[in-house]
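Below: one structure, written as structure tokens.
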Amino acid sequence: MASAVAGVLRFYALKNSAILKRSTSCRFMDTSRLIQSRNAVSTSTGAILPKPTKIPFGMIRIMIVVVPFLLIGTQISKNFAIMLEENDIFVPEDDDD
């Protein structure tokens, strides 16, 4: 079972960066027969791909997503702390010495 899981993990790890060729006599991949081929910057024929499109207003979009969820998380935490104090689950002690 462990060898099957190792074979599957090895397949997924090498799937995007290599062309897989299996040996007929071996149950799992023969790593000596792998041909390395990166296709992230080139096509299968070897042509270089064009530059990726740049997303305009990237930082503004990040702020539009991050700020509301930070505020929502703050409100949830605040309401939960109030609920804990109301039910005497957690009450901070004030030491005025």
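Here is a check on your reading of the model: is Lys21 of a type in the set (Lys, Arg) and modelled with pLDDT under 75?
yes
For the range 64-94, what are the residues that are open to solvent by less than 100 Å² (accessible area, probe 1.4 Å) and not in a helix (DSSP H, G or I)?
Passing the criteria: Asn87, Val91, Pro92.
Within the range 38-46, is even one residue on the phi < 0 side of the Ramachandran plot and at pLDDT below 65?
Checking the range 38-46: at least one residue is on the phi < 0 side of the Ramachandran plot and at pLDDT below 65.
The values are calculated or read from the model by the stated rules, or taken from the named source; none is laboratory data. Fair warning: this is a prediction, and the values are worked out from it, not measured in the lab. Surface areas here come from the heavy atoms of the whole protein model, side chains and all, with no ligands, DNA or RNA. Shrake-Rupley method; radii C 1.70, N 1.55, O 1.52, S 1.80 Å.
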